[in-house]
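These notes are about the structure you will find just below.
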Amino acid sequence: MKEYNIGEKIKELRLSLEISQNDLAKQICEPQDLEKIEKGDEYPTLPQLHTLAKRLGIPITYFFETNWNQNVDYVNSVKTLMRNYARDREYKALYEIVKREEQSDLFRDKLNKQFLMWHEGICVYHVDKNKGRSLEMLYDALKITNREMNDFTEDEIQIMHSIGVIYFLSDDVEKALNIYREALNALEEMYNVADTKVYLRVVYGLSLALLRLQKYDECLKYSNLGLGMCISEDILYLFAEFHYQIGHCLVKLGDPSEGLEYLNKASTLFNTQVNLKMEEIVKEETIKLLNESLGNL
């Protein structure tokens, strides 16, 4: 593998993304082993290489290509890193990357500029606590590629989802619900949705807003839709969350026995995912819901 300069490629990409050896090596190998790999003194195992590629946001084929487009590779790696930070709610770190890349010529084209503005809008809400400016930026990001605000693409629907999240978190739940409905309608008009997770995120946001508004019948409908999609696509993304919402709705609709089955399944799933915070929340909510149910008898 020496002719492919794998260690050198790992180091160059790690440094360009400003990731430390300690952070990149976590749960893959010891930092000193990563240092040896980068120097070419050792070679990573294939499982290690797969995990390193995933963490760096690149396909494993990158390490074996000699004519890889470095600019495209860098942009895609940065985007993957930004989405990971957004997913993990590391908004300050995300904000730093956005500000850095705004100065880069690689992010000046329409789609990459939109991507940066989308994530800056998210950061403005979570870091600067400025809802108005955040929503303004997100709507402006949408208009970069869709001034008419119709016939949305999947990328545009992801921005709409972020708008819905901000309305929801700021307790403007009715507006969030309207955004999610519009996004779901746009997805259902598509011939094919490439990323199932986009569909699931929108359905989950919609059902969560309905739950907050105590529209339990409709919430149950969309939660079952989301769960059915998870099962048909064999994907665990939001699988536990849909179980929780179905259980919550069933208890509220007067079926505590079946509701408890879903709530217990949700708790078990969160435990399997080592999401102890959500597991504890589900347990607390289960007790609360059942007490309310018994009190209404």
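Given the residues ASP23, ASP41, which is the only one that is surrounded by fewer than 18 Cβ atoms within 10 Å (Cβ to Cβ) and over 21 Å from THR80 (Cα atoms)?
Numbers: ASP23 fails: over 21 Å from THR80 (Cα atoms).
Every option except ASP41 fails the conditions.
Check LEU297 against each of (1) at pLDDT 95 or above; (2) more than 25 Å from LEU169 (Cα to Cα) and name the one condition it does not meet.
(1)
Can you find, within region 1-33, the residue that is modelled with the lowest pLDDT among those that are touching a Gly at 6+ places or on another chain (Cβ under 9 Å) and either assigned to a helix (DSSP H, G or I) or among the small types (Gly, Ala, Ser) (or both)?
This residue is LYS2.
Please determine, by comparing only the residues of region 231-269 that are farther than 20 Å from LEU208 by Cβ and among the polar types (S, T, N, Q), which one is nearest to the chain's Cα centre (by Cα).
SER232
Could you pull out the residue among ILE235, ILE231 that is out of contact with any His (no Cβ under 7 Å at 6 or more places or on another chain) and part of a loop (DSSP other than H, G, I, E, B)? Even if it seems obvious, please write down each step before you answer.
Working: ILE231 fails: part of a loop (DSSP other than H, G, I, E, B).
Just one listed residue meets the conditions, ILE235.
This table checks each residue for (1) over 17 Å from the mean Cα position of the chain (by Cα); (2) touching a residue at least 40 places away in the same chain (Cβ under 8 Å); (3) under 21 Å from VAL193 (Cα atoms).
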| position | (1), (2), (3) |
| --- | --- |
| ASP88 | no, no, no |
| HIS126 | no, no, no |
| GLN158 | no, yes, yes |
| VAL173 | yes, yes, no |
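Out of all the residues in region 27-37, which are surrounded by 13 or more Cβ atoms within 10 Å (Cβ to Cβ) and under 24 Å from MET82 (Cα atoms)? Steps first, please.
Going through region 27-37, the residues surrounded by 13 or more Cβ atoms within 10 Å (Cβ to Cβ) turn out to be 28-29, 31, 33-37.
Those that are surrounded by 13 or more Cβ atoms within 10 Å (Cβ to Cβ) and under 24 Å from MET82 (Cα atoms): ILE28, CYS29, PRO31, LEU34.
Got at least one residue in region 270-279 being part of a helix (DSSP H, G or I) and closer than 23 Å to LYS215 by Cα? I'd like the intermediate steps shown before the answer.
In the first step, residues of region 270-279 are kept if they are part of a helix (DSSP H, G or I); the result is 270-272, 276-279.
With closer than 23 Å to LYS215 by Cα added as a condition, the list becomes 278.
There is at least one residue in region 270-279 that is part of a helix (DSSP H, G or I) and closer than 23 Å to LYS215 by Cα.
Which residues, counting only those in region 236-253, are under 10 Å from TYR216 (Cα atoms) and either among the acidic types (Asp, Glu) or touching a Gly at 6+ places or on another chain (Cβ under 6 Å) (or both)? Quick ask: steps written out before the conclusion?
Taking region 236-253 as the starting set, the residues that turn out to be under 10 Å from TYR216 (Cα atoms) are 245-246, 248-253.
Answer for region 236-253, where residues must be under 10 Å from TYR216 (Cα atoms) and either among the acidic types (Asp, Glu) or touching a Gly at 6+ places or on another chain (Cβ under 6 Å) (or both): LEU250, VAL251.
Could you tell me whether region 118-141 includes any residue that is polar (S, T, N, Q), over 25 Å from ARG212 (Cα atoms) and in contact with a helix residue (DSSP H, G or I) (Cβ under 8 Å, 6 or more places away or on another chain)?
Applying the first criterion (polar (S, T, N, Q)) to region 118-141 yields 130, 134.
Narrowing the set further to residues that are over 25 Å from ARG212 (Cα atoms) leaves none.
No, there is no match, as no residue in region 118-141 is polar (S, T, N, Q), over 25 Å from ARG212 (Cα atoms) and in contact with a helix residue (DSSP H, G or I) (Cβ under 8 Å, 6 or more places away or on another chain).
Taking only pairs six or more apart or across chains, which ones have beta-carbon atoms under 6 Å, a first residue in region 10-26 that is free of Cβ contacts under 8 Å to residues at least 60 places away in the same chain and farther than 18 Å from LYS79 by Cα, and a second residue that is outside any helix (DSSP H, G or I) and of a type in the set (A, V, I, L, M)?
Close Cβ pairs (under 6 Å, with a partner that is outside any helix (DSSP H, G or I) and of a type in the set (A, V, I, L, M)) do not exist here.
(1) hydrophobic (A, V, I, L, M, F, W, C); (2) buried (at least 22 other Cβ atoms within 10 Å of the Cβ); (3) farther than 25 Å from HIS119 by Cα; (4) in contact (Cβ under 8 Å) with a residue 40 or more places away in the chain: which one isn't true of CYS249, the others all being true?
(4)
So which residues in region 238-269 are small (Gly, Ala, Ser), in a helix (DSSP H, G or I) and over 22 Å from LYS197 (Cβ atoms)? Steps first, please.
Quick first cut of region 238-269, residues small (Gly, Ala, Ser) only: 240, 247, 254, 257, 259, 266-267.
Applying the additional criterion that residues be in a helix (DSSP H, G or I) yields 240, 247, 257, 259, 266-267.
The answer is GLY247, SER257, GLY259, SER267.
The values are calculated or read from the model by the stated rules, or taken from the named source; none is laboratory data. None of these values were measured; they are calculated from a predicted model. Glycine gets a Cβ as well: all are built from the backbone with ideal geometry, and neighbour counts include every protein chain shown.
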